[in-house]
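If you scroll down you'll find the structure; I have some questions about it.
The values are calculated or read from the model by the stated rules, or taken from the named source; none is laboratory data. These figures come from a predicted structure and were not determined experimentally. So basically every Cβ, Gly included, is an ideal-geometry build from the backbone, and we count neighbours across all protein chains shown.
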Amino acid sequence: MSHIIAPSILSADFANIQRDVEMINKSEADWFHVDIMDGMFVPNISFGFPVVKAIKKHATKPLDVHLMINDPDRYLQAFKDAGADVLTVHLEACTHLHRTIQAIKALGMKAGVAINPHTSVNLLLDVLGDIDLVCVMSVNPGFGGQKFIENTYHKVGALREMIRTTKSNAMIEIDGGVDLNNYRKLIDTGANVLVAGNTVFSAADPSKAIAELKKI
């Protein structure tokens with residue numbers, strides 16, 4: 001399977017959100033990546049259910065919803081109702097991670113677990129067999145446009161080996177600082193899903209930038 005490109009709506013033009021959603025629909029992108037921030041787990045606030053519902057109304061591709069919030073269990077049903085197809089929670093935000101994963105899957109969504117740059121991939125060992133996706137944060141979560149953290153390559157390689165030895169089907173997603181200079185190395189190291197925000201939406205031709213990121 002070819003790698004997946006998930007443009008981050010956080011970098012879109014909120015005054016023209018329908019235009020940008022339709023651009024992604026027509027592009028070679030595979031998913032929409034939607035970041036939800038509560039101003040507590042991360043030092044920023046993004047948007048909530050009404051915006052997710054509005055995106056879903058026009059989107060023709062799956063919504064990959066990334067919850068950067070405390071106590072995400074409170075909102076699993078609400079994000080399902082808003083249109084999430086993949087729902088990712090942070091390991092650092094879940095007291096009972098396995099239970100949260102099972103709850104996401106019981107609602108009919110794919111379950112993802114995200115880890116911050118300082119978090120070891122080894123902490124995922126006990127849940128790798130239960131999840132569909134691991135989101136490796138390659139910047140500190142909260143703001144777009146940050147510099148890519150080089151240690152991410154090491155983490156992806158270690159995670160790829162863990163997935164192999166545990167026979168997990170989990171995909172590896174990279175979120176933060178993905179650009180046209182590093183995306184090939186990330187794929188070669190073992191990444192399956194690339195989240196791209198500024199690289200897409202700051203380009204003169206966003207559709208062309210997406211097409212470039214899809215090239216092997």
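Answer yes or no as to whether Ala170 is buried (at least 21 other Cβ atoms within 10 Å of the Cβ), modelled with pLDDT of 95 or more and over 25 Å from Gly39 (Cβ atoms).
yes
With the checklist (1) over 16 Å from Ile174 (Cβ atoms); (2) surrounded by fewer than 16 Cβ atoms within 10 Å (Cβ to Cβ) in hand, flag the one item Lys147 doesn't pass.
(1)
Within region 68-75, is even one residue touching a helix residue (DSSP H, G or I) at 6+ places or on another chain (Cβ under 6 Å), acidic (Asp, Glu), under 24 Å from Leu128 (Cβ atoms) and surrounded by fewer than 22 Cβ atoms within 10 Å (Cβ to Cβ)?
yes
Lys57 passes all but one of (1) assigned to a helix (DSSP H, G or I); (2) among the charged types (D, E, K, R); (3) in contact (Cβ under 8 Å) with a residue 60 or more places away in the chain; which number fails?
Only one criterion is unmet by Lys57, namely (3).
Can you name the residue in region 26-48 that is within 16 Å of Asp81 (Cα to Cα) and at pLDDT 95 or above and is also farthest from the chain's Cα centre (by Cα) among such residues?
Only one residue tops the list, namely Ile36.
Considering only region 83-101, state which residues are in contact with a helix residue (DSSP H, G or I) (Cβ under 8 Å, 6 or more places away or on another chain) and closer than 16 Å to Trp31 by Cα.
Gly83, Ala84, Leu87
Considering every residue within region 1-24, establish whether at least one is in contact with a Lys or Arg (Cβ under 8 Å, 6 or more places away or on another chain) and of a type in the set (Ser, Thr, Tyr).
Among the residues of region 1-24, at least one is in contact with a Lys or Arg (Cβ under 8 Å, 6 or more places away or on another chain) and of a type in the set (Ser, Thr, Tyr), which makes the answer yes.
Of everything in region 1-31 that's of a type in the set (A, V, I, L, M, F, W, C) and in a helix (DSSP H, G or I), which residue is surrounded by the most Cβ atoms within 10 Å (Cβ to Cβ)?
Ile24
Out of Ile45, Ile69, report the one residue that is more than 16 Å from Ile174 (Cα to Cα), in contact with a Gly (Cβ under 6 Å, 6 or more places away or on another chain) and of a type in the set (A, V, I, L, M).
Ile45
Now a separate question. Among the residues of region 164-183, which ones are under 18 Å from the mean Cα position of the chain (by Cα) and in a helix (DSSP H, G or I)?
Selection gives Tyr183 alone.
Here's a check for you: in region 189-210, which residue that is in a loop (DSSP other than H, G, I, E, B) and in contact (Cβ under 8 Å) with a residue 24 or more places away in the chain is farthest from His154 (Cα to Cα)?
Here the residue is Ser202.
Go through (1) surrounded by fewer than 17 Cβ atoms within 10 Å (Cβ to Cβ); (2) within 16 Å of the chain's Cα centre (by Cα) and name the single condition Asp85 misses.
Among (1) surrounded by fewer than 17 Cβ atoms within 10 Å (Cβ to Cβ); (2) within 16 Å of the chain's Cα centre (by Cα), Asp85 violates only (1).
Also: For Val34, state whether it is crowded, with 21+ Cβ neighbours inside 10 Å and closer than 22 Å to Thr199 by Cα.
It is true that Val34 is crowded, with 21+ Cβ neighbours inside 10 Å and closer than 22 Å to Thr199 by Cα.
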